[in-house]
Amino acid sequence: MTIDAIIPTTGRPELVRAVTSVARQTVDVRPVVVLDRPDAEPTVRALLADIPHELVVTTGGVGGSAARNAGVEASSADVVAFLDDDDEWLPQKTEQQIRRLDARDDVVVVCLAFLVGETERVVPSRPFDGSLSMSTYLLERSTMKLTENFMQSSTLLMSRRLATRHPWPRALRRHQDWGLLIDLDAAGVLFTTVPDPLVRVFQDSAGSISRSNAWSDSVAWLEEYGSHAERRAQGDFLASVALRSALRAREWGPAARVLRRALALRPHPAAVAVGLSAVVRR
């Protein structure tokens, strides 16, 4: 079974760490690096000169979803996994996940992760088991620290056929991995979790290919992808994500409107506290 790692990038220095972690897997995995900034090609080629990989260069500025889809299209492997260019895999990540795939086309294999920020913690404490809808699972925020519910692009592995049938949602500017996960869940795809932390996910990295601080993008995403989540989970998302984004941008009017809308949905107090923490941190 051949395996490719799809790594979208704008050419950040952290890319070397990500690609090196693929090269250090205990099974053979080919890094497919998708560069979404053509002018950075000489820099990226120099950064990765000593690491075997395939480089795909987009026309530029296509965004994270389209870059990942381009990587899937360029792949000829049986299996693809995704890795953000500022994250890293532990050496046994692919080997442990591939055991659970079992050559099936209707399964996504995920794993736990070390979430690295001001502190380092293992997430999630409550892996997805299908008892909640995927949208409710992803949006719910009942604790200040992001520990209970978590699933992210660098933890995903699936057959290439499945990735081709369900491409990353190109129109989304934010929360692209959540959009994909909700699409997959709606299509009846099964999710299975390796109960070990096998990825290091770095929070709040600058210069992400998918990063945006626009609160309006989050609200638009909720209306398209989160409308089937439980009301309280929708409120949690508005409070902890959209409100926080508006406050970070100092857009006080929109922030007040988002907060009122969130409170009408009775979010968890922790979600409101997370959103309002953006004022304190400034």
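The values are calculated or read from the model by the stated rules, or taken from the named source; none is laboratory data. Because the structure is predicted, anything quoted here is derived from the model rather than measured. Counting neighbours? That spans all protein chains shown, and the Cβs are built from the backbone with ideal geometry, glycine included.
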Query raised in the report: What about residue 136, is it among the hydroxyl-bearing types (Ser, Thr, Tyr) and either surrounded by fewer than 19 Cβ atoms within 10 Å (Cβ to Cβ) or under 14 Å from the mean Cα position of the chain (by Cα) (or both)?
Result: no
Query - The listed residue being of a type in the set (D, E, K, R), touching a residue at least 12 places away in the same chain (Cβ under 8 Å) and farther than 18 Å from residue 110 by Cβ, out of 170, 160 - result: 170
Query raised in the report: Residues of region 1-17 being more than 17 Å from the chain's Cα centre (by Cα) and part of a helix (DSSP H, G or I), which ones?
Result: 16, 17
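For (1) of a type in the set (Phe, Trp, Tyr); (2) surrounded by 14 or more Cβ atoms within 10 Å (Cβ to Cβ); (3) touching a helix residue (DSSP H, G or I) at 6+ places or on another chain (Cβ under 9 Å), each residue gets a yes or a no:
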{"position": "37", "(1), (2), (3)": "no, yes, yes"}
{"position": "43", "(1), (2), (3)": "no, yes, no"}
{"position": "48", "(1), (2), (3)": "no, yes, yes"}
{"position": "52", "(1), (2), (3)": "no, no, yes"}
{"position": "56", "(1), (2), (3)": "no, yes, yes"}
{"position": "60", "(1), (2), (3)": "no, no, yes"}
{"position": "65", "(1), (2), (3)": "no, yes, yes"}
{"position": "72", "(1), (2), (3)": "no, yes, yes"}
Report task. Filter region 58-75 for residues that are under 20 Å from the mean Cα position of the chain (by Cα), assigned to a helix (DSSP H, G or I) and more than 16 Å from residue 12 (Cα to Cα) and give the result. Result -> 65, 66, 68, 69, 70, 71, 72, 73
Requested in this report: Keeping to region 254-267, report how many residues are farther than 12 Å from residue 216 by Cβ and surrounded by fewer than 20 Cβ atoms within 10 Å (Cβ to Cβ).
Outcome: 7
Query raised in the report: Any chance region 20-31 includes a residue that's without any contact (Cβ under 8 Å) to a residue 24 or more places away in the chain, surrounded by 14 or more Cβ atoms within 10 Å (Cβ to Cβ) and either β-branched (Val, Ile, Thr) or in the same structural domain as residue 86 (by TED's automatic domain parsing) (or both)?
Result: no
Query raised in the report: Looking at region 40-57, is at least one residue over 15 Å from residue 19 (Cα atoms) and in a loop (DSSP other than H, G, I, E, B)?
Result: no
Requested in this report: Restricting attention to strands (runs of 3 or more DSSP E) lying wholly within region 95-213, give those where 3 or more residues are closer than 21 Å to residue 85 by Cβ, modelled with pLDDT of 95 or more and not charged (D, E, K, R).
Outcome: 107-116, 190-202
Query - Hits in region 105-128 - residues which are in contact with a helix residue (DSSP H, G or I) (Cβ under 9 Å, 6 or more places away or on another chain) and free of Cβ contacts under 8 Å to residues at least 24 places away in the same chain - result: 126
Query - Residue count for region 124-156, restricted to those that are among the aromatic types (Phe, Trp, Tyr) and in contact with a strand residue (DSSP E or B) (Cβ under 9 Å, 6 or more places away or on another chain) - result: 2
